[in-house]
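Rule-based calculations on the coordinates, nothing more; no lab input. Since the model is a prediction, treat every value here as computed from it, not as a measurement. Cβ atoms come from the backbone with ideal geometry, glycine included; neighbour counts cover every protein chain shown.
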């Protein structure tokens, strides 16, 4: 939703929306399609200090939040692998200029 708000505040700006959780990413993609926003690029990746993958733990029930497994003790959760990238790598790979 923040990405959609940003498009109204700065309509000529290209937005790269990073969302590593598949269920939230799908909602983001659906919202972009519903609002016909061509200035938002959804990216199914978490920004990090390194490139690779890591494990997030998704908590079910009311919110879509995640935590690193070592910080969580919950029976209603699921571990998922997520892609990681650094912002510098992403900018270089996608030839983003500012």
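Multiplying the residue separation of residue 78 and residue 10 by 0.36 nm and subtracting their alpha-carbon distance yields 20.8 nm. Each of the peptides 51-57, 9-15 was scored by the mean count of other Cβ atoms within 10 Å over its residues; in descending order, highest first, they stand as 51-57, 9-15. Using the Stokes-Einstein relation with a Kirkwood hydrodynamic radius computed over Cα pairs, the translational diffusion coefficient of region 1-63 at 25 °C and a viscosity of 0.890 mPa s comes to 189 µm²/s. Going from the fewest other Cβ atoms within 10 Å to the most, the residues 16, 35 appear in the order 35, 16.
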